[in-house]
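Peer 1: Pasting a structure here, questions to come.
The values are calculated or read from the model by the stated rules, or taken from the named source; none is laboratory data. Treat the numbers as computed from the prediction; the structure is a model and nothing was measured. Please note: Cβ atoms are built from the backbone with ideal geometry, for glycine as well, and neighbour counts cover all protein chains shown. In case anyone asks, the SASA skips ligands and DNA or RNA and just uses the protein heavy atoms, side chains included. Shrake-Rupley method; radii C 1.70, N 1.55, O 1.52, S 1.80 Å.
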Amino acid sequence: MATGEPAGRKPNRAGIRRREEILAAAERLVREHGHLRVSLQMIADEVGISQPAIHHHFPSRDELFVELLRYRDTHAVEVVEPDAISALLSAASNSAKSRHLAALFTHYASSASDEQHPAHAYFLERQRLMLHYFTLGVQARAARAQLPQDFDARRAATLLLTLSDGLLTRWLIDADVDMRSELEHAVHALGLGTAVTDAAPAPDKQTS
C-alpha cells in the first residue's frame, strides 16, 4: 500500500501531522468546490505551505486524492456501526449529503480499472476487505432470520455492495434517486431484515 512518503523514508511525527493537515484541507476544499476544481496550489494555500511541500508527501495530485479516500475510510463514521448492513444504509444517507466527495469516489473507482493508476491498489484492497466484512454481516443476519442453510451470504454481500456502487453513480446523474430506500428494498427482498430494524442515518461526516 502506498504511503505517499519518499521511498526508503519513514514519516516522523511531524511528517504524519503535516500529511493529515494536507488531507484534511483537501477534504474541505473538495466538499466545497468538487475535486475537478481543486488544485494542489489551492490545497497548499489552505494549509499555508508551498506546492513543492505537498509533493514531498504526495508525488502527484492523483496520489493525494487516493490517499484522501483512504484517509476518509480510516475516519469513516460507519465503522462504529455494529452491523454491516446498517453501516451500508448509513453510508447511503450520508453520501447524499456529500455530493462532491461521492463524485471523487466514483471518479477514482472508474480510474482503478487501469492497473498502473494510483487508485488500482487502493480499490482492489478495499473491495476485498469490504466483501469480507459484509459477508460476515450478511451471515449474522441470515442466521437471525433463520434463512435456509444453503443461503449464499458471500453472493448476497456482493449484490448489495454492487448495488450500492451503482446507485451512487445513478444518484450523481439524477439526484432524485433515493439510494437508501433502494438498498432497504434489496435488503428486505433478500430476507435480511427491514428498514425498521436498521439504524437511523449517522451524522454527516466522512462517507463513501
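Peer 1: Looking at region 60-74, which of its residues are surrounded by 15 or more Cβ atoms within 10 Å (Cβ to Cβ) and without any contact (Cβ under 8 Å) to a residue 40 or more places away in the chain?
Peer 2: Correct list: 61 only.
Peer 1: Then there is this: Out of all the residues in region 74-92, which are in a helix (DSSP H, G or I) and either of a type in the set (Phe, Trp, Tyr) or at pLDDT below 85 (or both)?
Peer 2: 74, 77, 78, 79, 80
Peer 1: Looking only at region 22-76, which residues are touching a Ser or Thr at 6+ places or on another chain (Cβ under 7 Å), more than 22 Å from residue 130 (Cβ to Cβ) and of a type in the set (A, V, I, L, M)?
Peer 2: 44
Peer 1: Among the residues of region 145-154, which ones are surrounded by 12 or more Cβ atoms within 10 Å (Cβ to Cβ) and not hydrophobic (A, V, I, L, M, F, W, C)?
Peer 2: 152, 154
Peer 1: From the list 170, 126, 141, which one is closer than 24 Å to residue 68 by Cβ, open to solvent by less than 70 Å² (accessible area, probe 1.4 Å) and among the charged types (D, E, K, R)?
Peer 2: 126
Peer 1: Next question, about the same structure. Quick check on region 186-194. Is at least one of its residues under 27 Å from residue 71 (Cα atoms), out of contact with any His (no Cβ under 8 Å at 6 or more places or on another chain) and not charged (D, E, K, R)?
Peer 2: no
Peer 1: Taking only pairs six or more apart or across chains, which ones have beta-carbon atoms under 8 Å, a first residue in region 38-59 that is open to solvent by 70 Å² or more (accessible area, probe 1.4 Å), and a second residue that is assigned to a loop (DSSP other than H, G, I, E, B) and small (Gly, Ala, Ser)?
Peer 2: 59/4
Peer 1: Something else: Being aliphatic (A, V, I, L, M), open to solvent by less than 40 Å² (accessible area, probe 1.4 Å) and assigned to a helix (DSSP H, G or I) is the filter here; which residues of region 173-188 pass it?
Peer 2: 179, 183, 186, 187 - these are the residues of region 173-188 that are aliphatic (A, V, I, L, M), open to solvent by less than 40 Å² (accessible area, probe 1.4 Å) and assigned to a helix (DSSP H, G or I).
Peer 1: With the condition kept exactly as written, say whether any residue in region 33-50 is outside any helix (DSSP H, G or I), at pLDDT 95 or above and hydroxyl-bearing (Ser, Thr, Tyr).
Peer 2: yes
Peer 1: Tell me, which residue of region 107-123 that is surrounded by fewer than 17 Cβ atoms within 10 Å (Cβ to Cβ) and hydroxyl-bearing (Ser, Thr, Tyr) is farthest from residue 174 (Cα to Cα)?
Peer 2: 113
Peer 1: Of the conditions (1) at pLDDT below 95; (2) loosely packed, with under 14 Cβ neighbours inside 10 Å; (3) more than 22 Å from the chain's Cα centre (by Cα); (4) at negative phi, residue 15 satisfies every one except a single condition; which number is it?
Peer 2: (2)
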